[in-house]
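Undergrad: I have a structure here, written as structure tokens, and I will follow up with some questions on it.
The values are calculated or read from the model by the stated rules, or taken from the named source; none is laboratory data. Model, not experiment: these values are computed from the prediction. Neighbour counts are summed over all protein chains in view; Cβ atoms, including those assigned to glycine, are modelled from backbone coordinates with ideal geometry. Ligands, DNA and RNA are stripped out before the accessible areas are found, and what is left, the full protein with its side chains, is counted by its heavy atoms. Shrake-Rupley method; radii C 1.70, N 1.55, O 1.52, S 1.80 Å.
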Amino acid sequence: MRVIGLMSGTSYDAIDAAAADLHLDREDLVLGPLGMVTEAYEPGLREALAAALPPAATTLAEVCRLDTLVGQAFAAAAVRAQRELCDGRAELIASHGQTVFHWTDQGEVRGSLQIGQPAWIAEATGLPVVADFRPRDIAAGGQGAPLVSLVDLLWLRGRPGTPVALNLGGIANLTAPDGTAFDTGPAGALIDAAVRRFTGRDFDADGALAARGTVHEPLLRRLLAEPYYARPAPKTTGKELFHEGYLLAALADFASSADGNVTPTDEDVVATLTRLTARTVADAVRSLSATGSPRATEVIVSGGGTRNPVLMAMLAEELRGVPLRLSDGLGLPAAAKEAYAFAVLGFLTSHGLTGTDPRSTGARHAGVLGSLTPGRSGFPTLRPGARQPVRLVLK
């Protein structure tokens, strides 16, 4: 089956569309990558999303408008991927949509909202669409995230040692071979918020601002006191917590040097937030062995954060000798891994197979994820007798 996976993360800057040929071979799920295209959100739409996201207030009218506009943007990305990557032969679209709210209450996830109405994708491509992946896991008592954990477990199974998969998006998440998976905290979320506040740009290109700054240790200690980091897995978080207002509240403690603390420069703030990401990720990796798991022997990293050399250097330093490797070296491009992961989840759903591991999300049981929107020819044809795969093999 040829599947297109659509993904836009918590940075809400662009839509990634990755295409793959997928088939089951006994216990293996075989994935043949066909490439990825990226469609940037139109600036006005990105600004509207930013204005509507927590902690900002919004209206149901605006949510409706954004659901349509994001759906149309996802549809355009799918059409392009069908044309440029699939020779017009894709059979299924798997759309994560755009997360706009992840509702947590005392560590329990109550709901999660992804917008980007899949009917627009189905209408534009004529293909069936699997969307709304998270709610089924939440209904079963899970966190609804990180959903890439099952793909990580299948992909790394059989690799020697204790490999840990790490994704650095707006939020960082990891998966360990024993099924433990969770969001470690912010990756780019607070860095991007600071850069937008100080410069008007969207992110710290090549880590240039962080490279010019010095880590402000009092600010770092203040940020590391966030209770989220000490919570046990499974746990998830998002920009509902780690947003610009959160950062400004922390900076307010250092508005003057009257208490003996030197006020950090803009560059110092970005350097400190970059160190925060590296430190909390490394602490999370080390926490795995504290719960009885073997010590990590390598960390395989993907996501947009891999393009920040300062962050990657700090992370390598914080990991204290644990090798840091890009997922590209194992056959999954770092920039496309999550889009490929949702292509896999869509494939599993279309075969009536489960897309979660309860050890990762905390759900009562594994679940078949998502809702199906039919294409012009109806729903995809299910392959009878499909067996749940135990490995993901790249060809």
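Undergrad: What shape does region 24-160 have by the C-alpha gyration tensor, where a ≥ b ≥ c are the square roots of the eigenvalues, rounded means a/c under 1.5, and otherwise prolate means a/b greater than b/c and oblate the rest?
TA: oblate
Undergrad: To continue, here is another question. What 222 nm value per residue comes from the helices of the chain, counting each DSSP H run with n ≥ 4 as -39,500 (n - 2.57) and dividing by all residues, nearest 500 deg cm²/dmol?
TA: After summing the helix terms and dividing by the residues of the chain, the value is -11000 deg cm²/dmol.
Undergrad: Okay, next question. Leaving out same-chain residues fewer than 8 places away, which lysines sit with a Cα under 17 Å from that of Lys395?
TA: Of all the lysines, those that pass the test against Lys395 - Cα under 17 Å, at least 8 places apart if same chain - are Lys337.
Undergrad: Within 10 Å of each candidate Cβ there may be at most 16 other Cβ atoms; applying that plus a DSSP loop requirement, which trypsin sites (Lys or Arg not before Pro) in region 65-121 survive?
TA: Those satisfying the criteria are Arg89.
Undergrad: What distance in nm separates the two pseudo spin-label positions at Arg197 and Ala255, each 7 Å out from Cα along the beta-carbon direction?
TA: That separation, rounded to one decimal, is 1.2 nm.
Undergrad: Shifting gears a bit: Size of the chain along its principal axes in angstrom, Cα-based, largest extent first?
TA: Projected onto its principal axes, the Cα set of the chain covers 70, 49, 37 Å.
Undergrad: So, by mean Cβ neighbours within 10 angstrom, what's the order for 235-244, 52-61 with the highest one leading?
TA: Going from most to least packed, we get 235-244, 52-61.
Undergrad: OK, next. Send over a whole-number figure in Å² for the accessible area per residue of the chain, probe 1.4 Å.
TA: Roughly 40 Å² per residue, with all protein chains present.
Undergrad: Would you work out what percent of the accessible area of the chain, with all protein chains in place, is carbon or sulfur (probe 1.4 Å)?
TA: 53
Undergrad: Output the antiparallel fraction of DSSP beta bridges having both residues in the chain, as a percent to the nearest 5.
TA: 65
Undergrad: How would you classify region 302-395 from its alpha-carbon gyration tensor, with a ≥ b ≥ c the square roots of the eigenvalues: rounded for a/c under 1.5, else prolate if a/b is greater than b/c, otherwise oblate?
TA: Here region 302-395 falls in the prolate category.
Undergrad: Starting from region 4-94, pick out the GluC sites (Glu not before Pro) whose DSSP state is loop and whose Cβ has at most 15 other Cβ atoms within 10 Å.
TA: Sites meeting the loop and neighbour criteria: Glu27.
Undergrad: Here's a follow-up. With the cut-off at 15 Å, report for region 67-128 the share of all Cα pairs above it, as a whole percent.
TA: I get 53 percent for the Cα pairs in region 67-128 exceeding 15 Å.
Undergrad: Which loop-located trypsin sites (Lys or Arg not before Pro) does region 154-204 contain, where loop means any DSSP state but H, G, I, E or B and the Cβ has at most 16 other Cβ atoms within 10 Å?
TA: Here the sparse-neighbourhood loop sites are Arg157, Arg201.
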